[in-house]
Amino acid sequence: DAGITQSPRHKVTETGTPVTLRCHQTENHRYMYWYRQDPGHGLRLIHYSYGVKDTDKGEVSDGYSVSRSKTEDFLLTLESATSSQTSVYFCAISGQINTIYFGEGSWLTVV
Amino acid sequence: AQRVTQPEKLLSVFKGAPVELKCNYSYSGSPELFWYVQYSRQRLQLLLRHISRESIKGFTADLNKGETSFHLKKPFAQEEDSAMYYCALSGLGNAGNMLTFGGGTRLMVKP
């Protein structure tokens, strides 16, 4: 398995609070992605990064922000968590073209 | 715009029966297509990609550009094949290998 670590793996938070999920890689890959997984929707891209300090929005970016200050870390922040953001969040990395590896997922529940 | 459709949310078969998980796509360029598998509460794993034309765990998939399909097939299903299967299409550009996923099909193989 590629060296991808997500933290926390499980979190319960209250509506309106900020939440940050961390993705850490040891592969020195250029591209990093955050997806959310919801039944019936598959995985949808939230944000992605193509280098340090280089990020862009994906399909479902509203309510989320990201930062990448180092190659190995890609942070996803929910600025003010809502119940609709209850989901499983997957980080992914890509080095070579057409090779993507996924993290183990972070289960977030917003109550 | 690119889109991936998996028309079946659930596919239930008996052990030893043939399996076909359907995937249709829309994409204006030349597509790169993949199948990912997710076993219960685990990370997504790449099962196969069309450019390598390989067979993994007995699964094969052929890209049919005329029908814009990339169906996943296995002649004899095994119980350990029970999992979620996602078809995905790659979009190239600044995001490297940014993937668009279908909604997923849950395969249940009954004994």
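Write down the Kirkwood hydrodynamic radius of the stretch A:32-98, to one decimal in angstroms, obtained as one divided by the mean of 1/r over all alpha carbon pairs.
Values: mean 1/r = 0.0808 Å⁻¹.
Evaluated on the stretch A:32-98, it is 12.4 Å.
In chain B, which longest range has no GluC sites (Glu not before Pro) that are both DSSP loop (not H, G, I, E or B) and surrounded by at most 12 other Cβ atoms within 10 Å?
Working: sites that count: B:54, B:67.
Maximal segment without exposed cleavage sites: B:1-53.
Please rank B:56, A:93, A:4, fewest neighbouring Cβ atoms within 10 Å first, as an exposure proxy.
Ascending Cβ contact count within 10 Å gives the list B:56, A:4, A:93.
Among A:25, B:86, A:86, which residue has its Cα furthest toward the positive end of the charge dipole of the protein assembly as shown, with +1 on Lys/Arg Cβ and -1 on Asp/Glu Cβ?
About the Cα centre, the residue reaching furthest to the positive side is B:86.
Find how many whole Å separate the alpha carbon centroid of the stretch A:82-111 from the alpha carbon centroid of the stretch B:51-69.
Here the two parts' Cα centres lie 26 Å apart.
For a quick check: sort A:38, A:62 by the number of other beta carbons within 10 angstrom, fewest at the front.
Listing A:38, A:62 from fewest to most nearby Cβ atoms yields A:62, A:38.
Which whole-number percent of Cα pairs in chain B have a distance greater than 21 Å?
Result: 32 percent of Cα pairs exceed 21 Å.
Once phi is turned into θ = phi - 60°, what whole-Hz ³J(HN,Hα) does the Karplus curve with 6.51, -1.76 and 1.60 give for every residue of the stretch A:73-86, x standing for Gly and Pro?
10, 9, 9, 10, 10, 9, 5, 8, 4, 10, 4, 5, 9, 5
Rounded to a whole number of µm²/s, how large is the Stokes-Einstein D of the protein assembly as shown at 25 °C and 0.890 mPa s, given Rh as the Kirkwood radius over C-alpha pairs?
Working: Rh = 17.9 Å.
It comes out at roughly 137 µm²/s.
Counting Lys and Arg as +1 and Asp and Glu as -1, each charge on the Cβ, what is the dipole of chain B about the Cα centre in debye, to the nearest 20? Walk me through the intermediate numbers first.
On the way: 14 positive and 9 negative charges, 40 e Å.
So the dipole magnitude of chain B works out to roughly 200 debye.
Count charges around residue B:78 for me, please; just the other residues with Cβ under 12 Å from its Cβ, Lys/Arg as +1, Asp/Glu as -1. Write down the numbers at each step before the final one.
Working: positive: B:15, B:57, B:74, B:110; negative: B:79, B:80, B:81.
Overall, the nearby charge balance is +1.
No lab work stands behind these numbers, since they all come straight from the coordinates. This is a predicted model, so every value here is computed, not measured. Neighbour counts run over all protein chains shown; Cβ positions are idealised from the backbone, glycine included.
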